[in-house]
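The values are calculated or read from the model by the stated rules, or taken from the named source; none is laboratory data. This one's a predicted model, so the numbers in the text were calculated from it and none came from an experiment. FYI the Cβ positions are ideal-geometry reconstructions off the backbone, even for glycines, and counts take in every protein chain you see. For accessibility, only protein heavy atoms count, side chains too; no ligands or nucleic acids. Shrake-Rupley method; radii C 1.70, N 1.55, O 1.52, S 1.80 Å.
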Amino acid sequence: MVAYAATRELVPLYGLYALLFEDHGLGTGEISSLFVLWSVVAFVAEVPSGAWADTVSRRGLLLLSAVLFTAGFALWLLFPGYWGFAAGFVAWGISESLKSGTFEALVYDELSARGAAHRYPAVLGYANAGETLCVLVATLSAAPLFAVGGYATVGWLSVAITVGNGLLVLTLPAAPRHASADETGAVPGAFVTRYLAVLHAGTSEARRSAVVRRAVLLAALLSACLAFEEYFALLAREGGSSTSAAPVLVAITVAGQVLGAATAGRTAAMTGRAMGAVIAAGGVLLAAGAALGGAAGFVAIGIGYGALHNAMIVAEARMQDAMSGTARATVTSVSGLVGEVASVAVYAGFALGTVWLPLAAVLAAWAVPLLGLAVAAVRWLPPSQSPLNSPD
């Protein structure tokens with residue numbers, strides 16, 4: 001499971017794709033519009049795909065997600081213009097919606113079947129750490145790869161890696177799930193009935209349970225607050241870095257994310273007050289790093305970003321604990337839906353803000369909503385339900 005999650009992020013193009021767009025004539029506003037399209041596609045498909053994952057084979061959906069993931073990057077390379085980039089983001093957005101909720105529910109149910117649900121924060125943390133470690137390796141490799149063969153070498157190697165990741169889906173387990181789920185398929189009428197029942201159960205739980213609703217909101221908003229990572233490469237270039245040097249600065253933020261994810265098992269029992277403090281500190285460090293600039297600034301941003309990533313993983317784990325478990329992927333996808341909607345607001349804010357202000361100033365201003373979320377986290381984070389929080 002960790003290998004699958006990690007290698008999905010081993011994409012060298014991550015460190016350069018914003019610069020790829022800019023070098024093909026797109027401005028910050030147009031690039032932001034692509035990010036908005038990406039989020040809109042993802043949130044339109046988010047909840048329906050979550051209910052689908054509670055009704056049919058989760059491994060099958062993850063395999064379809066892998067195919068679309070590969071197709072998205074291939075479209076960018078074959079049609080390097082605004083509409084080619086847009087088509088790639090549509091494929092990527094659908095891919096992410098199919099994976100979002102599906103993978104988390106598969107992991108949680110597999111651990112529950114083994115009597116080890118209390119290990120979910122640690123396992124999810126290790127999976128996220130593996131993902132971000134692969135992002136770090138991929139980002140650092142982007143610079144030498146670009147020097148050797150430009151965007152084509154970086155891009156087509158990324159496509160090849162995503163194909164290999166798709167094959168790892170076949171190694172994932174099939175955990176026992178709620179009785180309404182069906183791994184084998186059935187007549188269309190029965191499938192539709194099950195699908196609608198699961199969709200209703202999941203959305204109802206997220207709507208009616210105050211604890212689940214707050215957990216969904218907290219996890220979703222923390223995820224959206226991390227959406228600004230898409231601008232790190234542009235921030236590096238704004239500060240004077242070259243195309244080949246920018247991935248090195250971005251890699252500093254990825255290193256912070258790795259540390260934040262890897263320690264999620266150890267911070268899994270944090271209280272709401274502690275999480276509020278972590279989020280506030282992360283926001284202050286981001287603002288300070290954006291104002292400072294250069295390598296030192298990116299170190300501050302990396303530490304703050306890692307702290308926020310750690311808080312997000314803990315919030316997602318508490319959300320899983322708070323659910324009844326009958327429509328786990330659906331409820332998780334509701335959180336993903338809210339997160340995508342909020343991400344659109346983030347991208348729109350950056351697009352509008354950069355009309356009048358430098359990107360660094362807009363990023364620094366992002367500390368204000370983060371401080372507001374820090375206050376909300378004190379009340380919204382569900383209490384830890386398990387005394388077992390082993391980091392192993």
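Of the listed residues Thr162, Thr171, the order by accessible area with a 1.4 Å probe, largest first, is Thr171, Thr162. Take the Cβ atoms of Arg208 and Trp156, set R0 to 45 Å, and the FRET efficiency comes out at 0.40.
With a/c under 1.5 counting as rounded, go ahead and sort region 224-301 into rounded, prolate or oblate using the C-alpha gyration tensor (a ≥ b ≥ c being the square roots of the eigenvalues; past the cut-off, prolate if a/b is larger than b/c, else oblate). Prolate is the answer for region 224-301, as a/c is 1.5 or above and a/b outweighs b/c. Residues in region 333-384 average 44 Å² of solvent-accessible surface per residue, probe 1.4 Å, ligands and nucleic acids excluded. Counting every C-alpha pair in region 87-148, the share spaced more than 16 angstrom apart comes to 64%.
The apolar share of the surface of region 233-392, taken as the fraction of accessible area on carbon and sulfur atoms (1.4 Å probe, ligands and nucleic acids excluded), comes to 70 percent. Surface composition of region 1-155: carbon plus sulfur atoms contribute 71% of the solvent-accessible area (1.4 Å probe, protein chains only, all chains present).
Counted residue by residue at 0.36 nm each, then reduced by the alpha carbon distance between them, the extension gain from Trp356 to Leu167 reaches 63.4 nm. Based on the alpha-carbon gyration tensor of region 204-348 and its eigenvalue square roots a ≥ b ≥ c, which shape applies: rounded if a/c is under 1.5, prolate if not and a/b is larger than b/c, or oblate? Prolate, because a/c is 1.5 or more and a/b exceeds b/c. Cα gyration tensor of region 1-138, axes a ≥ b ≥ c as square roots of the eigenvalues: rounded (a/c below 1.5), prolate (a/b > b/c) or oblate? It is prolate, given that a/c is not under 1.5 and a/b is the larger ratio. With 0.36 nm allotted per residue and the present C-alpha distance subtracted, the Ala345-Ala295 stretch has 15.1 nm of extension available.
Derived scalar couplings between HN and Hα for region 145-154 equal 5, 5, 5, 7, x, x, 5, 4, 5, 4 Hz in order, rounded to whole Hz, by the Karplus curve 6.51 cos²θ - 1.76 cosθ + 1.60 (θ = phi - 60°), x for Gly and Pro.
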